[in-house]
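Asker: Encoded as structure tokens, here's the structure I'll be asking about.
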Number of protein chains: 2
Amino acid sequence: MDSQLVVGIDVGGQTTKLGVVDARGTVLAQTVIRTDTYDTVEPYIEELAEALKKIVREAGAEGNIRGIGVGAPNGNYYTGTIADAPNIAWGRKGIIPFAKLLSSRIGGLPVALTNDANAAAVGEMTYGAARGMKNFIMITLGTGVGSGIVINGEIVYGHDGFAGELGHTTAVRNNGRICNCGRTGCLEAYCSAIGVARTAREWLQLTNEPSALRSLDNITSKDIYEAAKDGDKLALKVFDFTGRMLGRSFADFVAFSAPEAIVLFGGLARAKEFLIGPIEEAMNESLLNLWKGKIKIVFSQLKESDAAILGASALAWELDK
Amino acid sequence: MDSQLVVGIDVGGQTTKLGVVDARGTVLAQTVIRTDTYDTVEPYIEELAEALKKIVREAGAEGNIRGIGVGAPNGNYYTGTIADAPNIAWGRKGIIPFAKLLSSRIGGLPVALTNDANAAAVGEMTYGAARGMKNFIMITLGTGVGSGIVINGEIVYGHDGFAGELGHTTAVRNNGRICNCGRTGCLEAYCSAIGVARTAREWLQLTNEPSALRSLDNITSKDIYEAAKDGDKLALKVFDFTGRMLGRSFADFVAFSAPEAIVLFGGLARAKEFLIGPIEEAMNESLLNLWKGKIKIVFSQLKESDAAILGASALAWELDK
């Protein structure tokens, strides 16, 4: 029988999702294990390998797995390592040879690893909104702002494997917000889920504008989205501001790699209806004439519950290339 | 006999330089024709073809030319065309099928064409400071600020062939200088030869600071360089400001493609001694921790008089790949 299936593993700070996936992007079997209950990597890998064997059996895919793809924070494609990942208990310090550790526990099957945003980009190119595209930029709008850049059909890893940190390009040059990375003015400090909540909180403090958000203790981006759907003016303005910030930065990204499209993914991308207008307007205002009106903004087409697994799994199809 | 030689053609607004080049980057024969004395492209191509035949004869290279590389403003690698080049009389309006026109006048020899900054990047990779590098960004500091981006050993052309307009990324978000492209705050408006002269003129107007530049009617970047060499404080501050602007933008470029180095080229890059310090300082202040101190800033190693021809010629070596 041909090796026609792959496994995708999405390593998150709290949980790790894994699934067996076929060439059309159907998840045949999947499961979840905890990431955050281990202080060292070895017992975690042990449980991950067991879970993996279980879903491979469930999918009837023994001996039929072509390879494993892993999306993980601070994952390095070149080295297969996870380096100093602040949100993972066992990954916080030093460099974990993740791909090697996992591969040796599962009979030497090949393991490809990259960061979650790059995995999402490969997933979108393989199964989703970027099918057939050779040049696009994936922007993930989640807790942070991540990015995966595809040029000539390939993810850009750069000299050291860490290319594509567009969330940490400078959106506000002077007096910008402090970012988690220690610098100021990063796009992520404004346009992540956390950044959006911060914008709302700042504006509630600075103005007297009435808003349903005033009654909430701890505002999240989801609250702002719900309020916007109810027509809350302040919430709508928050999305307008966020979309415009994104659009202006996107214009700079376009000047770099002249992509066919920018693909948006992640929790915040659910607010598509409120973001798309301001993004396109601000981007086109800021673009060089030659690109005005020509760069598509598209949203992920992967089923949200499967997206993380699909993205990681797509890496494994590249293993033999 | 093997086809061991190539021809490089650099199309500038006033003159066109062309030369026969060997694999080691030696210019065996070269000449110059006018660009600006033709209103239409056909008679220009006619003279260019004659000049080309002459230098090929001079180099004893008849029947031994592998291909022709052309660097030209607004040159598009995919289509071999020059599109709406504002500084070229015969190129101002519409799309000139340059590669096709030239090839058909010289017996069908293959012609590769790209913009001048991309040509410079290929030149530097083939013969110069970027030999052996697979990932770097070329920044040309001339009348404008151009760029050529190399990823995995290949120039990034993007979806439409126009990638790499880093001179038109936004360096100043609000109240920025008007740029030739019609937008405001572009890096080029500050860090080109023209931008640097503008900085000096602004500062002379806004302050009473003594400076040798006050006595000049029409300040050029060369004047500022000469003054800086004489220790003129205002001139030194102009370079400090320019270098810091470049360094901060470079940090954003690094976040995109994680290059091994940024290579500087062009008239203004002669002021290396005054630019390198502020560039490196500002870039490292602005970089994510993982890149601090790791990105090389290097200056072109091509002989300046030959550089334009060499850059264009290097494209021709890629023709058979």
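Asker: Can you give me the Cα centroid spacing of segment A:59-78 and segment A:169-237 in angstrom?
Answerer: So the separation of the two Cα centres works out to 36 Å.
Asker: To the nearest 10 degrees, how steeply does helix B:116-127 sit against the main Cα axis of chain B, on a 0 to 90 scale?
Answerer: Around 80 degrees separate the two axes.
Asker: Let me ask another. Considering only the other residues whose Cβ falls under 10 Å of the Cβ of A:L288, what net charge follows from Lys and Arg at +1 and Asp and Glu at -1?
Answerer: Working: positive: A:K292, B:R183; negative: B:E165.
Residues near A:L288 contribute +1 overall.
Asker: Hey, quick one: spin label on A:K134, modelled 7 Å out along Cα-Cβ, who in segment B:242-282 has an amide N within reach, i.e. under 12 Å?
Answerer: none
Asker: Still on this structure, I have one more. What are the distances, in nm and sorted shortest first, from the label point of A:T31 to the label points of the same position in each other copy, with each label point placed 7 Å from Cα along the Cα-to-Cβ direction?
Answerer: Shortest to longest, the spacings are 7.7 nm.
Asker: Could you tell me what percent of the accessible area of chain B is made up of carbon and sulfur, with a 1.4 Å probe and every protein chain present?
Answerer: Values: 6350 of 13200 Å².
Looking at chain B in its full context, I get 48 percent from C and S.
Asker: Starting from the Cα gyration tensor of segment B:118-166, take the square roots of the eigenvalues, sort them a ≥ b ≥ c, and report rounded, prolate or oblate (rounded when a/c is under 1.5, otherwise prolate if a/b is larger than b/c, else oblate). Intermediate values should be presented prior to the final figure.
Answerer: Working: a/c = 2.24, a/b = 1.16, b/c = 1.93.
It is oblate, given that a/c is not under 1.5 and a/b is not larger than b/c.
Asker: Normalise the Cα radius of gyration of segment A:125-213 by 2.2 N^0.38 Å (N = residues in it) and let me know the number.
Answerer: Values: Rg = 16.5 Å, N = 89, 2.2 N^0.38 = 12.1 Å.
The value comes to 1.36.
Asker: Just tell me which aspartates and glutamates come within less than 20 Å, Cα to Cα, of A:K53; anything on the same chain fewer than 8 places away is out.
Answerer: Once the sequence-local aspartates and glutamates are set aside, what remains near A:K53 is A:D2, A:D10, A:D22, A:E42, A:E62, A:D306.
Asker: Which distances in nm, rounded to one decimal and ordered from shortest, link the label point of A:T220 to the equivalent label points in the other identical copies, with labels set 7 Å from Cα toward Cβ?
Answerer: Ordered by distance, the counterparts are at 6.3 nm.
Asker: Moving on to the next point. With the Cα gyration tensor of segment A:163-321 giving a ≥ b ≥ c as the square roots of its eigenvalues, does the rule (a/c under 1.5 for rounded; else a/b larger than b/c for prolate; else oblate) give rounded, prolate or oblate? Let's see the in-between values first.
Answerer: Working: a/c = 1.68, a/b = 1.39, b/c = 1.21.
Here segment A:163-321 falls in the prolate category.
Asker: Averaged across B:246-255, how many Cβ atoms of other chains sit within 10 Å of each residue's Cβ atom?
Answerer: On the way: counts 0, 0, 2, 3, 0, 4, 11, 3, 7, 13.
Partner-chain Cβ atoms within 10 Å, mean over residues of B:246-255: 4.
Asker: How large is the accessible surface per residue of chain B, computed with a 1.4 Å probe and reported in Å² as a whole number?
Answerer: Details: 13200 Å² over 321 residues.
Ligands and nucleic acids excluded, the result is 41 Å² per residue.
Asker: For peptide A:164-170, what's the mean number of Cβ atoms from other chains within 10 Å of each residue's Cβ?
Answerer: Numbers: counts 4, 9, 3, 1, 8, 10, 9.
Averaged over the peptide's residues, the number is 6.
Asker: With a ≥ b ≥ c taken as the square roots of the eigenvalues of the C-alpha gyration tensor of segment B:196-268, please select rounded if a/c is under 1.5 and otherwise prolate if a/b is larger than b/c or oblate if it is not?
Answerer: Details: a/c = 2.93, a/b = 2.26, b/c = 1.29.
Cα axes put segment B:196-268 in the prolate bin.
Asker: Please sort by residue number the chymotrypsin sites (Phe, Trp or Tyr not before Pro) in segment B:7-94 whose DSSP state is loop and whose Cβ has at most 13 other Cβ atoms within 10 Å.
Answerer: Values: sites: B:Y38, B:Y44, B:Y77, B:Y78, B:W90; in loops: B:Y38, B:Y77, B:Y78.
Answer by residue number: B:Y78.
Asker: Would you mind putting B:26-34, B:156-164 in packing order, based on average other-beta-carbon counts within 10 Å, highest first? Before the final figure, lay out each step's value.
Answerer: Numbers: B:26-34: 15.8, B:156-164: 22.2.
The most tightly packed comes first, giving B:156-164, B:26-34.
Asker: Given labels modelled 7 Å from the Cα in the Cβ direction, how far is it in nm from B:L28 to B:N152?
Answerer: Those two pseudo-labels are separated by 3.4 nm.
Asker: Taking each label point as 7 Å beyond Cα in the direction of the beta carbon, state the distances from B:N208 to the same residue in the other copies, shortest first, in nm.
Answerer: Those separations, rounded to one decimal, come out as 4.7 nm.
Asker: Moving on to the next point. Modelled label-to-label distance, B:K100 and B:N175, 7 Å Cα→beta-carbon offset: nm?
Answerer: It is 5.0 nm.
Asker: Looking at B:N118, B:W90, B:I151, which one has the Cα that reaches farthest to the positive end of the dipole of segment B:66-151 (charges on Cβ: Lys, Arg +1; Asp, Glu -1)?
Answerer: B:W90
Asker: Could you list log10 I(q)/I(0) for the protein assembly as shown at q = 0.05 Å⁻¹, which the Debye formula gives when each Cα is one point scatterer?
Answerer: Summing over Cα pairs of the protein assembly as shown leads to -0.26.
Asker: Kindly provide the trypsin sites (Lys or Arg not before Pro) of segment B:54-135 that DSSP labels as loop, not H, G, I, E or B, and whose Cβ sees at most 15 other Cβ atoms within 10 Å.
Answerer: On the way: sites: B:K54, B:R57, B:R66, B:R92, B:K93, B:K100, B:R105, B:R131, B:K134; in loops: B:R92, B:K93, B:R131, B:K134.
Answer by residue number: B:R92, B:K93, B:R131, B:K134.
Asker: Kindly provide the trypsin sites (Lys or Arg not before Pro) of segment B:215-307 that DSSP labels as loop, not H, G, I, E or B, and whose Cβ sees at most 16 other Cβ atoms within 10 Å. Don't skip to the answer; put the middle values down first.
Answerer: Numbers: sites: B:K222, B:K229, B:K233, B:K237, B:R244, B:R248, B:R270, B:K272, B:K292, B:K294, B:K296, B:K303; in loops: B:K292, B:K294, B:K303.
Passing both the DSSP loop test and the Cβ count: B:K292, B:K294, B:K303.
Asker: Cα axis of helix B:304-317 to longest principal axis of chain B: angle in degrees, 0 to 90, nearest 10?
Answerer: 50
Asker: Using only DSSP helix segments of four residues or longer, with each worth -39500 (n - 2.57), what per-residue ellipticity at 222 nm results for the protein assembly as shown after dividing by its residue count and rounding to 500?
Answerer: On the way: 18 runs with 238 residues, N = 642.
That comes out to -12000 deg cm²/dmol.
Asker: What net charge do the residues around B:T143 carry, taking every other residue with its C-beta under 13 Å from that of B:T143, with Lys and Arg at +1 and Asp and Glu at -1?
Answerer: Values: positive: B:R198, B:K222; negative: B:D116, B:E188.
Summing Lys and Arg as +1 and Asp and Glu as -1 gives 0.
Asker: Another one. Which lysines does A:K93 reach when only Cα atoms under 22 Å apart count, and residues fewer than 8 places away in its own chain are ignored?
Answerer: B:K292, B:K294
Asker: For the pair A and B, how large is the buried accessible area, both sides, in square angstrom to the nearest 100, if the probe is 1.4 Å? Don't skip to the answer; put the middle values down first.
Answerer: On the way: alone 14850 and 14850 Å², together 26400 Å².
That pair hides around 3300 Å² of surface in total.
Asker: If you don't mind, there's one more thing I want to ask. Calculate one ³J(HN,Hα) per residue across segment A:81-88 by plugging θ = phi - 60° into the Karplus curve 6.51 cos²θ - 1.76 cosθ + 1.60, and present them in order as whole Hz with x for glycine and proline.
Answerer: 10, 10, 10, 6, 7, x, 9, 10
Asker: Right, here's the next one. Return the subset of A:K233/A:K296; A:K272/A:K303; A:K222/A:K272 for which the Cα-Cα distance in this structure is over 22 Å, preserving the input order. Mind dumping the intermediate values first?
Answerer: Values: A:K233/A:K296 28 Å; A:K272/A:K303 15 Å; A:K222/A:K272 13 Å.
Distance filter (> 22 Å) returns A:K233/A:K296.
Asker: For chain A, find the longest principal axis of its Cα atoms and tell me its angle to the long axis of helix A:41-58, 0 to 90°, nearest 10.
Answerer: Approximately 80 degrees, to the nearest 10.
Asker: If you take the beta carbon distance between A:K292 and A:E46 as r and set R0 to 51 Å, what does 1/(1 + (r/R0)^6) give as a FRET efficiency, to the nearest 0.05? Before the final figure, lay out the partial values.
Answerer: Values: r = 54 Å, r/R0 = 1.07.
That gives a FRET efficiency of 0.40.
The values are calculated or read from the model by the stated rules, or taken from the named source; none is laboratory data. Nothing here was measured: the structure is a model prediction, and the numbers come from that model. Note that we place each Cβ from the backbone using ideal geometry, even for glycine, and neighbour counts take in every protein chain shown. Heavy atoms of the whole protein, side chains included, go into the accessibility calculation; ligands, DNA and RNA do not. Shrake-Rupley method; radii C 1.70, N 1.55, O 1.52, S 1.80 Å.
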